[in-house]
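Okay, so here's the structure we're looking at.
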Amino acid sequence: MADPKTYTADIPLHIAIIMDGNGRWAKARHRPRVFGHQAGVKTVRRIVEDAADLGVKYLTLYSFSTENWSRPKAEISALFGLLKEYVDADLETLDKNGVRVKILGSREGLSDDLLNVIAKVERTTQDNKEFHLNIAFNYGGRDEILRAIKAAAKTNVDLSELTEETFETYLDTGGLPAPDLVIRTSGEKRISNFLIWQAAYAEFIFTDVLWPDFSRNDLVGAITEFQNRERRFGSLKPAEVA
Ligand code: IPE
Ligand code: IPE
Ligand code: MG
């Protein structure tokens, strides 16, 4: 498949991915679920590079949801460990490549150790502008909206006069563009509390590919499908507008 960067149509500015299917990938190999999560981190490394190379500027990856706390303790601590390992191993390269990293989500329930890792990666990369990697960790869209309301209420902003533009500045994604394209792997067709405010007008692509198997070719395919979609934002096709 030809790379979409050779096409004239627009590359999505912001792609968000629900990285799903690690457990099933491991199960198919008769390995523990954590083995699938480790393979999933390898895919993260590849896809960050591929997205940047294809001209995407913002990539948001869903890596731990507020609902994932209902999983077994051992799996939760493995997922937390993987975030720390990823940052420890990749921070230098990400920074060298001009990647700004943000961790979206609640800080509640995270260990001091992990909070330090999060603060370090955000602080180190805060001036980078080449590419924006957002990791949604301990993230839930409803929780984010509630936290934003509470944060706004603590300021002297008049809530009865609140606009969408002002409200958005209180979200974890304040200052970031909304996702143009949301991809979910593993065949599930639901949003699972991901970017429920921000994805209001995103295009959605659902693929059966399990996250550890998600390839550059799959990303190119999704971008190509996106380029063939017609986004109307509630209006009419351009030709129908008088
Ligand atoms: C996605 O893979 C990673 C997380 C949700 C943390 P899953 O762990 O949900 O994998 P499946 O859906 O059980 O295959
Ligand atoms: C969504 O996947 C959360 C992440 C990818 C981090 P889940 O596997 O947790 O979602 P459900 O439970 O199938 O909706
Ligand atoms: Mg899942």
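Worth a mention:
- Ellipticity estimate at 222 nm from DSSP helix runs (n ≥ 4, -39,500 (n - 2.57)) divided over the chain, nearest 500: -13000 deg cm²/dmol
- Solvent-accessible area, 1.4 Å probe, carbon plus sulfur percent, for the chain: 51 percent
- Screening the chain for whole DSSP H helices with an alpha carbon extent of at least 20 angstrom along the helix axis and a mean Kyte-Doolittle hydropathy of at least -1.0 yields 33-54, 73-96.
- Result for the chain in a Gaussian network model with C-alpha springs under 10 Å: among Ala52, Ala153, Ala200, the largest mean-square fluctuation is at Ala153.
- GNM flexibility winner over the chain from Arg45, Arg232, Arg33 (Cα, springs under 10 Å): Arg232
- Percentage, to the nearest whole number, of Cα pairs in region 12-226 over 27 Å apart: 30 percent
- Reduced Cα scattering model of region 152-222, Debye log10 I(q)/I(0), q = 0.11, 0.14, 0.16, 0.21 Å⁻¹: -0.41, -0.58, -0.69, -0.94
- Trypsin sites (Lys or Arg not before Pro) restricted to region 108-186 and DSSP loop, no more than 16 other C-beta within 10 Å: Lys129, Lys154
- Full extension of the chain between Asp10 and Lys237 yields a length gain of 80.0 nm, computed as 0.36 nm times the residue separation minus the alpha carbon distance.
- Long-range HN-HN contacts of Glu203 with modeled amide H, under 5 Å: Leu181, Val182
- Accessible area per residue in Å² at 1.4 Å probe, computed on region 12-226: 49 Å²
The values are calculated or read from the model by the stated rules, or taken from the named source; none is laboratory data. These numbers were taken from a predicted model, which means no experiment stands behind them. Heads up, the Cβs are rebuilt from the backbone with ideal geometry, glycines too, and the neighbour counts pull from every protein chain shown. Note: areas computed on protein heavy atoms with side chains; ligands, DNA, RNA excluded. Shrake-Rupley method; radii C 1.70, N 1.55, O 1.52, S 1.80 Å.
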